Amino acid sequence: MGSATVDIVEEVASWPQVELEEGRFGSTRFLVGRRELGHLHGSSTLDVPLPKRLKAELIARGDAVAHPFAPAESGWVRIGVEQPGARERALAILRGRHEHALSLGSRGGSRLKPTA
């Protein structure tokens, strides 16, 4: 892993209720409960599930591309993390997904672990 991805892994792993898991093809998955925030492939690629509106915005701005192996109608995008500023953009997107996952857990029927 490159330094940007090591930084991303360390940062996201420090957030409340985030667990790391080995994913397919050697990826590192970020999970809150059973909800995946996204996953890193090596030192260059972050894949993230997003609401379709946000997916369209990121693609239109050139900050992401549609995930090459996910159905076109899905919210999955692929973000390069090697370019200048990419680490910060990736962390901001993951932070949004993290906050969303925690907000879902605060509703009834949570599968998330209670915070200490």
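The values are calculated or read from the model by the stated rules, or taken from the named source; none is laboratory data. Please read these numbers as outputs of a predicted model, since none were measured by experiment. Don't worry about glycine lacking a Cβ; one is built from the backbone with ideal geometry, like all the others, and counts go over all protein chains shown.
Below, the figures for the structure above:
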read-out: Neighbours by Cβ (under 9 Å, 6+ apart or cross-chain): first from region 32-61, at positive phi; second among the charged types (D, E, K, R); value: Gly33/Glu19; Gly33/Arg111; Gly33/Lys113; Gly38/Arg29; Gly38/Asp47; Gly38/Arg97
read-out: Complete set of residues in region 70-91 that are within 16 Å of the chain's Cα centre (by Cα) and over 19 Å from Ser43 (Cβ atoms); value: Ala70, Ser74, Gly75, Trp76
read-out: Where a residue in region 17-31 is surrounded by 11 or more Cβ atoms within 10 Å (Cβ to Cβ) and its partner, wherever it lies, is outside any strand (DSSP E or B) and at pLDDT 95 or above, with Cβ under 6 Å and at least six apart; value: Val18/Val12; Leu20/Ala13; Phe30/Val12
read-out: Selection within region 76-96 - assigned to a loop (DSSP other than H, G, I, E, B), surrounded by fewer than 17 Cβ atoms within 10 Å (Cβ to Cβ) and either in contact with a Cys (Cβ under 8 Å, 6 or more places away or on another chain) or not acidic (Asp, Glu) (or both); value: Gln83, Pro84, Gly85
read-out: From Val77, Val65, residue being among the β-branched types (Val, Ile, Thr), over 23 Å from Ala13 (Cα atoms) and at pLDDT 90 or above; value: Val65
read-out: Checklist (1) out of contact with any Lys or Arg (no Cβ under 8 Å at 6 or more places or on another chain); (2) closer than 13 Å to Leu94 by Cα; (3) surrounded by 14 or more Cβ atoms within 10 Å (Cβ to Cβ); (4) without any contact (Cβ under 8 Å) to a residue 60 or more places away in the chain applied to Ser14, failing item; value: (3)
read-out: Candidate set from region 1-18 (those that are among the small types (Gly, Ala, Ser) and not in a loop (DSSP other than H, G, I, E, B)); member that is modelled with the highest pLDDT; value: Ala13
read-out: Test: Leu40 is in a strand (DSSP E or B), surrounded by fewer than 17 Cβ atoms within 10 Å (Cβ to Cβ) and of a type in the set (A, V, I, L, M); value: no
read-out: Criterion (at negative phi, part of a helix (DSSP H, G or I) and at pLDDT 90 or above) met by exactly one of Glu99, Glu21; value: Glu99
read-out: In region 90-106, the residues that are among the aliphatic types (A, V, I, L, M) and either without any contact (Cβ under 8 Å) to a residue 60 or more places away in the chain or over 11 Å from Gln17 (Cα atoms) (or both); value: Ala90, Leu91, Ala92, Ile93, Leu94, Leu104
